[in-house]
1. Could you tell me which numbered condition Gly130 fails, if it satisfies all but one of (1) exposed (fewer than 12 other Cβ atoms within 10 Å of the Cβ); (2) closer than 20 Å to Asp53 by Cα?
2. Would you be able to tell me the number of residues in the range 98-110 that are modelled with pLDDT of 95 or more and within 11 Å of Arg160 (Cα to Cα)?
3. Does Asp118 qualify as being surrounded by fewer than 21 Cβ atoms within 10 Å (Cβ to Cβ), of a type in the set (Asp, Glu) and over 23 Å from Ala169 (Cα atoms)?
4. Kindly indicate which of Ser139, Ser111, Ser105, Ser80 is crowded, with 20+ Cβ neighbours inside 10 Å and free of Cβ contacts under 8 Å to residues at least 60 places away in the same chain.
5. Across the range 33-67, what is the number of residues that are of a type in the set (Lys, Arg), open to solvent by 30 Å² or more (accessible area, probe 1.4 Å) and not in a strand (DSSP E or B)?
Amino acid sequence: CGEIWEATAIAVEESESAAGQVLLLDGSASPGRITSSVHLVDLATGMCTPQPDMLRALRYGFAAAKMTDGSIVCAGPGISAEVFGPPLQRGADAAWTWRALSDMSVGRYSSCGCVMTDGRFAVFGGMNDGALSTCEALSFHGDNYADAHWESLPPMHEAREGSVCATVA
């Protein structure tokens, strides 16, 4: 893949990859040169295969997670969000595409996100003229995200930016 800095890695399901693979989202080709690229990396061989670029150029400091249906949701910086998954009109071997989602209510960068046990994608904290304590979740029905919308969650007790989160059952 060349030199990639500050990318987000999302594991590919073992059933989809015998050798172990990850998707590298965004990052930069060098410090200060942010991209919207996506690469599939085979961990056993080091082979790096370009994937379709994200819709938003210069996506950095964003929250991302693999959803229960296998698609990938990215949110931020700013209010934008997008999903990488099968096209709405699925063919036998249809390539995955990026689709825009509805905007978050609060612009943020350097936030964290995870899939909650109820299947919603939650985004916590971040920065926007200072650290944020606000949280919101992407709610949707079905697997095409056509009705996806953001709902406010209770705020954290303290503002946080640059943190990590994980789902705990």
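The values are calculated or read from the model by the stated rules, or taken from the named source; none is laboratory data. Owing to the predicted nature of the structure, the values given are computational and were not obtained by experimental measurement. With ideal geometry, Cβ positions are generated from the backbone for all residues, glycine too; neighbour counts draw on all protein chains shown. Just so you know, the surface numbers come from the protein's heavy atoms only, side chains and all, with ligands and any DNA or RNA stripped out. Shrake-Rupley method; radii C 1.70, N 1.55, O 1.52, S 1.80 Å.
1. (2)
2. 0
3. no
4. Ser111 is the lone residue from the list that is crowded, with 20+ Cβ neighbours inside 10 Å and free of Cβ contacts under 8 Å to residues at least 60 places away in the same chain.
5. Total meeting the criteria: 1.
So that you can scan it fast, the table gives a plain yes or no per residue for (1) of a type in the set (Gly, Ala, Ser); (2) on the phi < 0 side of the Ramachandran plot:
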{"site": "Asp118", "(1), (2)": "no, yes"}
{"site": "Ala137", "(1), (2)": "yes, yes"}
{"site": "Tyr145", "(1), (2)": "no, no"}
{"site": "Ser163", "(1), (2)": "yes, yes"}
